[in-house]
Amino acid sequence: MNQIAVVILNYNGQKHLADFLPSVIQYSSDATIYVADNASTDCSLELLKTGFPSVKIIELKENHGFAQGYNEALEFVEAEYYVLLNSDVEVTPNWIEPVIELMNNDKTIAACQPKIKAFHQKSHFEYAGAAGGFIDHLGYPFCRGRIFQEIEQDLKQYDDNHEVFWATGACMFVRAEVFHQVGGFDGDFFAHMEEIDLCWRIHHAGYKVYACGSSEVYHVGGGTLHKSNPYKTFLNFRNGLAMLYKNHPDKGFSLAIFTRLILDGVAGIKFLLFDSWEDCWAVARAHFDFYAHFLSWYKKRKQIQRKDVISTVYRRNVVWQHFVDDVQTYNKLQK
């Protein structure tokens, strides 16, 4: 068994593979590198076979999305640690070693991420993970280095190793045994929020999630679904609601769900007034879809052995903190 397997899920990412796979090969000498192809229709496979013969290829027969795509691919990978890496990530020297050292020294850490910085503005953090993710009690995600659309400059303020609530799917180190123990990603999510849902179940299982400040990578972001795509809006709202429903402890559950539904409605109105009716409709469709598949979400909630206390859940409302109290940075949030 390999100790470390870097697994890149690819769908029509030929350009990203050509641009970023060389850095992964150069700086990952201790790892076995896999590309799991989600039934691409471009020339990704030809590029891999001719240009990167050292990379192991897993060919999936259809596009399963991010969540189920990884579930399917990882059945073919034997390793102690999976490193789930987006195809649009440029890695740096020594990006693997400090994370593995941290996890080797604390067996209760099941998942970890490096600092995620913006490829096109390398002085700043990147939206999808920044320096480690959190959620508030209503399930709204934010990061050290990113609150909603406000991105912080990296001034080394988050260079420590820090316990967080979730690690980004753009570059997640995860113990293979724990990944399978908690059931992997929820394939019904397709894409978006699945890494937060996974990390919440990791917490339920008694493990911790960390961010490692001495490792950093650069992420392009938006490579599959741009942030302006209404389908991305649909997935974020549907999956966010499903995640909260599945994982929230019994204490305060009904109030949290009711409040989340109200705030989602407010977001839909905001989209209609200030953005686009397509995004407003995406929020409505997200709720209709959640209700249509309610029995499935209900069964999943019953299967999860939920813990009532998770110290890394932010007990205040980050929506109020940001949009009403005008808090722009993680360090200014009320504790």
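We did not get these values from a lab; they are worked out from the coordinates using the rules stated. Because the structure is a prediction, the values reported are computed rather than measured. Counting neighbours? That spans all protein chains shown, and the Cβs are built from the backbone with ideal geometry, glycine included.
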Using the alpha-carbon atoms, what tilt in degrees (0 to 90, nearest 10) does helix 230-247 show relative to the longest principal axis of the chain?
80 degrees
Scan around residue 81 for amide H atoms under 5 Å from its own, H built in the peptide plane at 1.01 Å from N, and keep only partners 5 or more places away or cross-chain.
4, 5, 176
Karplus-derived 3J(HN,Hα), 6.51/-1.76/1.60, for each residue of segment 200-213, Hz, glycine and proline x:
5, 5, 5, 4, 4, 7, x, 9, 10, 10, 10, 10, 9, x
Show me, for segment 98-104, the HN-Hα J-couplings you get by feeding each phi into the Karplus relation (A = 6.51, B = -1.76, C = 1.60, θ = phi - 60°), rounded to Hz, glycine and proline as x.
x, 5, 5, 4, 4, 6, 5
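About the Cα centre of the chain, what is the dipole size in debye to 20, counting +1 per Lys and Arg Cβ and -1 per Asp and Glu Cβ, all else neutral?
Working: 32 positive and 40 negative charges, 223 e Å.
Charge dipole of the chain: 1080 debye, to the nearest 20.
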Round to the nearest 10 and give me the degree value, 0 to 90, for the angle of helix 277-292's Cα axis relative to the longest principal axis of the chain.
90 degrees
Excluding same-chain residues fewer than 8 positions from residue 122, which aspartates and glutamates have a Cα within less than 16 Å of its Cα?
88, 90, 150, 152, 154, 159, 216
To make sure I understand the rule: partners must be lysines, Cα under 16 Å from the Cα of residue 49, and not fewer than 8 residues away in the same chain. Which ones qualify?
15
Output the direction-averaged projected area (hull surface divided by four) of the convex hull of the alpha-carbon atoms of segment 89-247, in nm².
8.8 nm²
At R0 = 35 Å, FRET efficiency that the Cβ-Cβ distance of residue 335 and residue 269 yields, to 0.05:
0.70
Which residue fluctuates the most in the chain, going by a Gaussian network model with Cα springs under 10 Å, if the choices are 281, 320, 297?
320
Relative contact order [Cα under 8 Å, 6+ residues apart], segment 1-160, whole percent
21 percent
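What ranking do 235, 263, 295 get, fewest neighbouring Cβ atoms within 10 angstrom at the top? Can you show the working numbers first?
Details: 235 23, 263 15, 295 8.
The order, fewest Cβ neighbours first, is 295, 263, 235.
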Using amide H atoms built in the peptide plane, which far-off residues or other-chain residues are under 5 Å from residue 109 H to H?
208
Calculate one ³J(HN,Hα) per residue across segment 28-43 by plugging θ = phi - 60° into the Karplus curve 6.51 cos²θ - 1.76 cosθ + 1.60, and present them in order as whole Hz with x for glycine and proline.
10, 5, 8, 10, 8, 9, 10, 10, 9, 9, 8, 6, 4, 10, 8, 9
Can you put 283, 266, 35 in order, fewest other beta carbons within 10 Å first?
266, 283, 35
Which value in deg cm²/dmol, rounded to the nearest 500, describes the helix-derived mean residue ellipticity at 222 nm for the chain, given -39,500 (n - 2.57) per DSSP H run of n ≥ 4 and division by the residue count?
-12000 deg cm²/dmol
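Within a Cβ distance under 11 Å of residue 301, other residues only, what is the Lys/Arg minus Asp/Glu net charge? The partial results should precede the final answer.
Values: positive: 246, 299, 300, 302, 306; negative: 250.
Computed value for this residue: +4.
Of all DSSP beta bridges in the chain, what percent run antiparallel (nearest 5)?
Details: 22 of 51 bridges.
Of all bridge pairs located within the chain, approximately 45 percent are antiparallel.
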Other-chain or far-sequence residues with amide H under 5 Å of residue 40's (modelled H)
12
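Given contacts defined as C-alpha pairs under 8 Å and at least six residues apart, what's the relative contact order of the chain, whole-number percent?
Values: 638 pairs, mean separation 62.2, N = 335.
Averaging sequence separation for qualifying contacts and normalising by length gives 19 percent for the chain.
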Quick one: length gained pulling residue 294 to residue 61 fully straight, 0.36 nm per residue minus the C-alpha distance?
81.0 nm
For helix 14-26, report the angle its Cα long axis makes with the longest principal axis of the Cα atoms of the chain; keep it between 0 and 90° and round to the nearest 10°.
70 degrees
